[in-house]
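To keep things clear, I will list the structure first and then write my remarks on it.
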Amino acid sequence: MKNKKWILSKRPVGIPNIEEDFEMKESEIKKPDFGEILIKTQFLSLDPYMRGRMNSGPSYSKPVEIGGVMEGEVIGEVVESKSKFLKVGDMVNAKIGWQEFSTVDEHQVIKITQDQSLPITYSLGVLGMPGRTAYLGFLEICRPKPGETLVVSAASGAVGSIVGQIGKIMGCRVIGIAGSEEKVKYCKEILHFDECLNYKTEDIDKSLSSFGEDFIDMYFDNVGGEISDAVLNHISTFSRTAVCGQIANYNASSPPVGPRVARTLLTKQSLMQGFIVFNFEHKYPQAMSALSEWIKSGDIVYKEDIYKGFENMPKTFMKLFEGENFGKLLVKVN
């Protein structure tokens with residue numbers, strides 16, 4: 001047997017070219033040594049941050065090297081083990097990237113121990129990195145209070161949908177921003193957001209004006225760009241903005257020019273803070289416990305968008321930037 005893997009063959013300029021920037025290769029499968037396991041990938045998570053890893057230059061994490069395996073987290077089955085802690089058949093989360101097999105140290109994986117009544121794929125979503133990002137970024141930075149107004153962009157996505165629902169649990173008024181009428185309907189009717197705007201058909205600045213003046217107490221920013229420019233026109237005094245992602249800018253071939261927000265933040269005495277979820281690692285158990293209870297009680301609804309076919313990884317990845325995915329984007333590998 002051979003291992004199939006997707007590598008980064010060239011650094012993209014602007015929007016990645018799926019024919020030129022990615023390449024599928026085969027390699028030998030390494031037999032495990034003492035303390036190692038061989039993992040067979042079952043599901044692979046696709047997330048916007050991966051686009052940033054394709055660029056060179058300083059960031060909070062090292063870029064993927066040219067010729068290196070594209071970064072990503074998987075659900076994998078242990079198919080061979082020389083570990084004291086993990087046996088054949090155990091299911092694990094591991095950051096082995098876009099490949100079908102990988103031999104790794106036993107300490108580089110996390111055994112999946114979540115409630116078996118919940119789908120195992122939740123370990124890559126609401127009970128994984130996106131869920132922790134939503135819970136900790138929102139509660140630690142936005143610090144919601146009952147009666148306050150929250151706006152969340154990419155509102156139907158893996159992170160935004162959870163943030164908005166936590167906002168409702170906390171007694172907040174929630175306004176989402178999404179990219180289709182189907183997603184708007186989902187946010188209002190299924191997730192019970194108070195309002196949701198379609199940025200593809202509405203003038204977001206004008207639509208927000210209809211709700212009031214300087215009324216946004218919290219903004220959870222997943223996208224950046226013109227949508228965030230519009231939202232920041234309506235923030236209240238002492239508002240809090242959590243900057244989680246800037247998906248609107250990830251494929252920009254040059255730094256985008258937009259409104260300078262320093263004066264707005266000054267006059268509104270407002271906080272804007274970027275964050276990386278790993279900063280709150282000591283609070284992961286708290287996040288997982290709360291999210292699990294909310295899922296089982298029905299307070300949080302979660303949607304997954306699962307595609308089949310390892311050979312289609314680059315094409316499926318691009319759905320993140322075309323607004324085609326609806327929910328947490330996963331690939332079922334085999």
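The values are calculated or read from the model by the stated rules, or taken from the named source; none is laboratory data. Since the model is a prediction, treat every value here as computed from it, not as a measurement. As a convention, Cβ positions derive from the backbone with ideal geometry for all residues, glycine included, and neighbour counts pool all protein chains shown. Accessible surface areas use protein heavy atoms only, side chains included; no ligands, DNA or RNA. Shrake-Rupley method; radii C 1.70, N 1.55, O 1.52, S 1.80 Å.
Report the relative contact order of the range 131-261, percent, no decimals, based on alpha-carbon pairs under 8 angstrom and at least 6 residues apart.
Working: 250 pairs, mean separation 31.0, N = 131.
For the range 131-261, the relative contact order is 24 percent.
With a probe of 1.4 Å, find how much accessible area the range 187-334 has per residue, and write the answer as a whole number in Å².
51
If you line up the long axis of helix 160-169 against the longest principal axis of the chain, both from Cα atoms, how many degrees apart are they, to the nearest 10?
60
Quickly estimate the mean residue ellipticity at 222 nm for the chain, helices only: each DSSP H run with n ≥ 4 gives -39500 (n - 2.57), and the total goes over all residues, rounded to 500.
Calculated mean residue ellipticity at 222 nm is -5500 deg cm²/dmol.
At GLU80 and MET1, where each label point lies 7 Å from the Cα along Cα→Cβ, what is the point-to-point distance in nanometres?
For GLU80 paired with MET1, the spin-label model returns 0.9 nm.
Which pairs in the list LYS308/LYS328; LYS31/LYS82; LYS111/LYS332; LYS111/LYS283; LYS30/LYS82 are over 21 Å apart, alpha-carbon to alpha-carbon?
In this structure, not one pair exceeds 21 Å between Cα atoms.
When ligands, DNA and RNA are left out and all protein chains stay put, how many square angstrom of accessible area per residue does the range 4-68 have with a 1.4 Å probe?
Accessible surface, normalised per residue, equals 53 Å².
How would you rank 222-228, 264-270, highest first, on the average number of other Cβ atoms within 10 Å across their residues? Please report the intermediate quantities before stating the final value.
Working: 222-228: 21.7, 264-270: 13.7.
The peptides rank, most packed first, as 222-228, 264-270.
Compute from the Cα atoms of the range 54-128 the Rg and the Dmax, the latter being the longest Cα-Cα distance, and quote both in angstrom.
14.3, 43
Based on Cα positions only, what radius of gyration and what Dmax would you give for the range 246-323, in angstroms?
In order Rg, Dmax, the Cα atoms of the range 246-323 give 18.9, 52 Å.
Before anything else, pin down the relative contact order of the range 240-333: Cα pairs under 8 Å, at least 6 apart, normalised by residue count, whole percent.
Result for the range 240-333 is 26 percent.
If I model the range 119-266 as equal point scatterers sitting on the Cα atoms and use the Debye formula, what is log10 I(q)/I(0) at q = 0.11, 0.12, 0.21 Å⁻¹?
-0.38, -0.46, -1.43
So for the chain, taking the charge dipole from beta-carbon charges (+1 Lys/Arg, -1 Asp/Glu), which of THR121, PHE34, SER81 sits furthest toward the positive end?
PHE34
Mind checking the dipole of the chain: about its Cα centre, +1 per Lys or Arg Cβ, -1 per Asp or Glu Cβ, Debye to the nearest 20? Let's see the in-between values first.
Numbers: 39 positive and 43 negative charges, 107 e Å.
The calculated dipole for the chain is roughly 520 debye.
Taking every pair of Cα atoms in the chain, average 1/r, invert it to obtain the Kirkwood radius, and report Rg/Rh to two decimals.
Reported Rg/Rh, Kirkwood definition of Rh: 0.98.
Using the Kirkwood radius over C-alpha pairs as Rh, can you work out the diffusion coefficient of the range 1-52 via Stokes-Einstein at 37 °C, viscosity 0.692 mPa s, in µm² per second?
It comes out at roughly 240 µm²/s.
Restricting attention to the chain, give the cysteines that have no other cysteine Cβ less than 4.7 angstrom from their Cβ.
Cysteines lacking a close Cβ partner in the chain: CYS142, CYS172, CYS244.
Could you rank the peptides 200-211, 91-102, 301-312 by their average count of other C-beta atoms within 10 Å per residue, with the highest value first?
91-102, 301-312, 200-211
Please find, in a Gaussian network model of the chain (springs between Cα atoms separated by less than 10 Å), the residue of THR237, THR113, THR316 whose mean-square fluctuation is greatest.
THR113
Would you please calculate the Kirkwood hydrodynamic radius of the range 71-179 over all C-alpha pairs and express it in Å, rounded to one decimal?
About 15.9 Å, per the Kirkwood formula over Cα pairs.
Cross-link candidates for LYS268: which aspartates and glutamates have Cα within less than 12 Å, leaving aside residues fewer than 8 places away along the same chain?
ASP214, ASP217
First compute the accessible area of the chain with a 1.4 Å probe, then give the percent of it belonging to carbon and sulfur atoms. Write out the running numbers ahead of the final one.
Details: 7900 of 15640 Å².
Percent of accessible area from carbon and sulfur atoms in the chain: 51.
Would you please put 245-252, 77-84 in order of how densely packed they are, using the mean number of other Cβ atoms within 10 angstrom per residue and starting with the highest? Before the final figure, lay out the partial values.
Working: 245-252: 19.1, 77-84: 16.2.
Sorting 245-252, 77-84 by mean packing, highest first, produces 245-252, 77-84.
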